[in-house]
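A short worksheet on the structure shown next.
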Amino acid sequence: MNALTTEFDYARPVNASRTLLSAFRTRLSDFAGIEVKSNRDAMVCHRLASRVAATGLQSLDQYLKLILSEPLWAAEFRNAVEMMTTNTTFFFREAAHFDFLANTIVPELAQEAGLNDFRLKLWSAAASEGAEAYTAAMVLSELQARFPRMEYSIIGTDLSEAMVHKARLAIYRKTRTNEIPTALRRKYLLQGLDPEVADQVRFSPEIRRHVRFAQMNLMDRHYPIVGGVDVAFLRNVLIYFSPEDQSAVIDRVVSRVRSGGYLIVGMSESMTVNHPDLVQVEPSIFRKL
């Protein structure tokens, strides 16, 4: 029987392997900051089923033992982590943040620069497959007509190597781009001529040249991000962390933001931010002192 034809090739070990599932949840929290409660064990088994099948192993028990204890299975552990991540995102998500970027942050920088050229550095710290970063790029590209002295650069980072790869490609199904205003879709999205990819579009080189992506774990103690960031988006990821990990991640991200720069978190995450160097200026928007 194909291992994927019934959930119960992998549901059976839930009762038999509570110790292993607990060890996996602990390791998942330590490595990625993702908190999964024991009442979600069935979800964990369901998500890992495809990885058990892909490795050709006979049971979830065997799979968990190997990824938790065998160094040669470290890469597969990362695959398991990716199965636990949630990559729900879309263009212009929580649009008020992009309005604030356009109507407050950029004009402030322009006023500070006067007649001088200036560069805005934006960091999408939980970039997923790039929708947030490319949304910011479109907003900033549109603003260059109003602020011709502005240049900008965006770095997107994510735990998932698969998501980083997708973001770098900048290719999306047309249905994924419905949230983008029509004028921006026509201006910044390219349609291929090959009928086989007629349902896909790609961001133009004009947009892609401003954006780069890298794999990074927010749980790492040291971030490969150069300081002086003007705007850090840390949206809709803190909710997956414990309070202690939330504080540690916020502290590390804030350390990369320049004085006077901004930290923007998800609309439901304002209460998770309590940092001595930040003052709240709008719901879920904080400025560094």
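The values are calculated or read from the model by the stated rules, or taken from the named source; none is laboratory data. For clarity, every value in this text was computed on a predicted model and none was experimentally measured. Quick reminder, even Gly has a Cβ in these numbers, built from the backbone with ideal geometry, and neighbours come from all protein chains shown. When the accessible area is computed, the model is the full protein with side chains, heavy atoms only, and any ligands, DNA or RNA have been set aside. Shrake-Rupley method; radii C 1.70, N 1.55, O 1.52, S 1.80 Å.
Quick notes
- Matching residues, region 88-109, being open to solvent by less than 50 Å² (accessible area, probe 1.4 Å), outside any helix (DSSP H, G or I) and among the polar types (S, T, N, Q): Thr89
- Long-range neighbours under 8 Å by Cβ, at least six apart or interchain, first residue without any contact (Cβ under 8 Å) to a residue 60 or more places away in the chain and of a type in the set (S, T, N, Q) within region 133-160, second open to solvent by less than 30 Å² (accessible area, probe 1.4 Å) and in a helix (DSSP H, G or I): Thr135/Phe98
- All strands (runs of 3 or more DSSP E) inside region 172-224 with 1 or more residues being touching a residue at least 40 places away in the same chain (Cβ under 8 Å): 200-203, 211-215
- Scanning region 248-289 for residues that are open to solvent by less than 20 Å² (accessible area, probe 1.4 Å), in a strand (DSSP E or B) and of a type in the set (Ser, Thr, Tyr) yields one hit, Tyr262.
- Residue pairs whose Cβ atoms lie under 8 Å apart, sitting 6 or more positions apart in sequence or on different chains, and linking a residue in region 45-72 that is of a type in the set (Phe, Trp, Tyr) to a partner that is open to solvent by 50 Å² or more (accessible area, probe 1.4 Å), are Tyr63/Arg51.
- Filter result for Pro205 (open to solvent by 20 Å² or more (accessible area, probe 1.4 Å) and at pLDDT 95 or above): yes
- Of all residues in region 32-67, those being open to solvent by 50 Å² or more (accessible area, probe 1.4 Å) and either in a helix (DSSP H, G or I) or under 23 Å from Asn217 (Cα atoms) (or both) number 12.
- So Ser153, is it at pLDDT below 95 and not charged (D, E, K, R): no
- Meets criteria (open to solvent by less than 20 Å² (accessible area, probe 1.4 Å), aliphatic (A, V, I, L, M) and in contact with a helix residue (DSSP H, G or I) (Cβ under 7 Å, 6 or more places away or on another chain)) for Leu122: yes
- Residue pairs meeting the criteria (Cβ under 8 Å; at least 6 apart or on separate chains; first farther than 19 Å from Leu101 by Cβ, in region 267-284; second hydrophobic (A, V, I, L, M, F, W, C) and loosely packed, with under 15 Cβ neighbours inside 10 Å): Ser268/Ile239; Thr272/Ile239; Asp277/Leu289
- Number of the exception - Glu70 against (1) crowded, with 16+ Cβ neighbours inside 10 Å; (2) over 26 Å from Ser268 (Cα atoms): (1)
- Within the span defined as region 191-200, every residue fails to be open to solvent by less than 20 Å² (accessible area, probe 1.4 Å) and not basic (Lys, Arg).
- Tally of residues being assigned to a helix (DSSP H, G or I), open to solvent by 40 Å² or more (accessible area, probe 1.4 Å) and in contact (Cβ under 8 Å) with a residue 24 or more places away in the chain across region 225-247: 4
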